[in-house]
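Everything below concerns the one structure shown next.
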Amino acid sequence: MASKIHKICCVGAGYVGGPTMAMIANKCPDIRIDVVDINEKRIAEWNSEILPIYEPGLSDLVAEARGRNLFFSTETERAIREADIIFISVNTPTKTYGQGAHRAADLRYVESVSRTIAENAEEPKIVVEKSTIPVRTAEAIRAVFDASETQHHHEVLSNPEFLAEGTAISDLESPDRILIGGEQTPGGLEAINQLADIYNRWIPEERIIKTNLWSSELSKLVANAFLAQRVSSINSISALCEKTGADVDEVAKAIGADSRIGPKFLNASIGFGGSCFEKDILNLVYLCEHFGLPEAAQYWESVLQMNDWQKQRFADQIVDSFFNTITDKVISILGFAFKKDTNDTRKSPAIDVCKRLLEEKATLLIYDPKVEPTKIYDALETDEENSNVVICSDPNQTFEKAQAIVVLTEWDEFKDIDYEAAHQAMQKPAWIFDGRNVLDHKKLTGIGFKVRSIGKPNEA
Ligand code: UDX
Ligand code: ADP
């Protein structure tokens, strides 16, 4: 079937909108894609050599399509008017005020875009929710459309994005599935098929799942809640391993070999971060409470409690190792992003761990290969005037007179550091706290380090 889509507008040029549209532009060179954002600086960066987000493979993808059929601008109204289909990819933070505070998603950006669409669309459009949104957002969007003067009947679809940061390009190239939810009316089903036709250019039909709106919206929350639950589950076991002498990696391997459990997402860590997991679970908790299901709400809330406990447990372990006194001690922090291969620090567990160490008045020498210093200062609610937070451009600068190395992100390059030289530069006894279990602990112990890791019997 020939596609009826010639022009796409994506509102929101962030971690979701940018890479997703770059992939569609690449796979559909005949479709013009306008990615628009209110943030002029961000748009200028998308139009420059250094993109606003770091994602392996992204700059090549953008370079190929930009100026051909992929355009970044702040011309939201024009792009909306011209588009056949509009993706809403704006941020949906957790509400910080009023009803549902600290639980429900703040939909003000989604509503604002919906109003702009209502005011500028001169004919019926297909409007796609791409942002992570709470269930029934489509209803909120439709309410805005219904209240508008033009009253065009725009079809609202839910098409949640499942890409993970750091692997976004391969996730977009070959997703496990594409989920499209829409109204089960002739118009709704036609809109679902039109969106499916775009994906079908490179994704086999059997991987495109079509559902009603609410199933699609809820599935996104549930997928993230299940993934986060897996991390909290293995992290709870890591604590038990440390007490019993079992090794959490061996346990993960043993249970992951059961095909019903599977081997993925079983890496014990200092805790999960990222913009989605906490927000989506809070949303799920809010929904359960709203619908009078406090037991279900409590069940999912415990996934977050376990995550907070894991971060705190790790930080406590560092402080305890120095007999509760790390005042004025220098600590090397390796990694600040919430996972490797991204410059994103949203909800990074590194933030909580560093804040705890700063509370104890330690001096932190922080190195991350991709996170800009301003983002680190902002996340720690401080600035370069604070002599207790020093951002380094080379990991070796962090070891000078340090008492401990703390690994908070699993960047591959941390495996290749010359730890003999690091040990020499450090104060003795020199400690390593491997919050991601990525280093060769036997070798480090051999060099003379005291090593603590997650869910492992303590070495030396
Ligand atoms: C997640 C979902 O995976 C993705 O489908 C959704 O679209 C957005 O949310 P993302 O947050 O980018 O993606 O990264 P993910 O790889 O899921 O990792 C989330 C956090 O869990 C990271 O902090 C990571 O370090 C941690 N994690 C993950 C673990 O601690 N252990 C694991 O085994 C896996
Ligand atoms: P995500 O991880 O969901 O992509 P980001 O915060 O990275 O979230 O990106 C969301 C983008 O949406 C931001 O660049 C923000 O400026 C943009 N945005 C928010 N509201 C609007 C709006 N009304 N019009 C255009 N862009 C918007």
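The values are calculated or read from the model by the stated rules, or taken from the named source; none is laboratory data. Computed from a prediction, not measured in an experiment: that's the story for all the values here. Neighbour counts run over all protein chains shown; Cβ positions are idealised from the backbone, glycine included.
Any residue in the stretch 304-311 that is modelled with pLDDT under 95 and within 15 Å of ligand 1 (Cβ to nearest atom)?
no
Would you call residue 178 within 15 Å of ligand 1 (Cβ to nearest atom), assigned by TED's automatic domain parsing to the domain that holds residue 136 and closer than 21 Å to residue 127 by Cβ?
yes
Pairs please, first residue from the stretch 294-311 and touching a residue at least 24 places away in the same chain (Cβ under 8 Å) and surrounded by 19 or more Cβ atoms within 10 Å (Cβ to Cβ), second anywhere and not in a helix (DSSP H, G or I) and not basic (Lys, Arg), Cβ atoms under 6 Å, 6+ apart in sequence or on different chains.
307/271; 307/272; 310/271; 311/270; 311/271
Return the residues of the stretch 4-42 that are surrounded by fewer than 16 Cβ atoms within 10 Å (Cβ to Cβ) and modelled with pLDDT under 95; say none if nothing qualifies.
Once the filter is applied, which keeps residues that are surrounded by fewer than 16 Cβ atoms within 10 Å (Cβ to Cβ) and modelled with pLDDT under 95, the stretch 4-42 yields only 4.
Suppose we filter 57, 17 for residues that are touching a Ser or Thr at 6+ places or on another chain (Cβ under 6 Å), closer than 20 Å to residue 172 by Cβ, within 16 Å of ligand 1 (Cβ to nearest atom) and outside the structural domain of residue 339 (by TED's automatic domain parsing); which single one remains?
17
Go through the stretch 49-84 and give me each residue that's in a helix (DSSP H, G or I) and of a type in the set (Val, Ile, Thr).
Hits for the stretch 49-84 are 62, 76, 80.
Provide a single number: the residues in the stretch 122-151 that are within 16 Å of ligand 1 (Cβ to nearest atom) and acidic (Asp, Glu).
Selection size over the stretch 122-151: 1.
Only residues that are touching a residue at least 60 places away in the same chain (Cβ under 8 Å) and more than 19 Å from residue 322 (Cβ to Cβ): list them for the stretch 418-453, please.
Listed by number, the residues that qualify are 436, 437.
Quick one: which residue in 45, 55 is buried (at least 20 other Cβ atoms within 10 Å of the Cβ), of a type in the set (Asp, Glu) and under 25 Å from residue 411 (Cβ atoms)?
Result of the check over 45, 55: 55.
Surrounded by fewer than 19 Cβ atoms within 10 Å (Cβ to Cβ), within 22 Å of residue 239 (Cβ to Cβ) and away from ligand 1 (no atom under 16 Å from the Cβ): which single residue out of 420, 413, 360, 400 fits that description?
Result: 360 is the single residue among 420, 413, 360, 400 that is surrounded by fewer than 19 Cβ atoms within 10 Å (Cβ to Cβ), within 22 Å of residue 239 (Cβ to Cβ) and away from ligand 1 (no atom under 16 Å from the Cβ).
Kindly indicate whether any position in the stretch 386-393 is in the same structural domain as residue 270 (by TED's automatic domain parsing), among the polar types (S, T, N, Q) and buried (at least 18 other Cβ atoms within 10 Å of the Cβ).
no
When residues of the stretch 80-95 are filtered for being over 11 Å from residue 113 (Cα atoms) and more than 9 Å from ligand 2 (Cβ to nearest atom), how many remain?
The total comes to 7.
Select from the stretch 86-112 the residues that are touching a Ser or Thr at 6+ places or on another chain (Cβ under 8 Å) and either assigned to a helix (DSSP H, G or I) or free of Cβ contacts under 8 Å to residues at least 12 places away in the same chain (or both) and list them in ascending order.
109, 110
Here is a check on your reading of the model: is residue 119 in a loop (DSSP other than H, G, I, E, B), outside the structural domain of residue 371 (by TED's automatic domain parsing) and either away from ligand 1 (no atom under 16 Å from the Cβ) or within 20 Å of the chain's Cα centre (by Cα) (or both)?
Answer is no for this residue.
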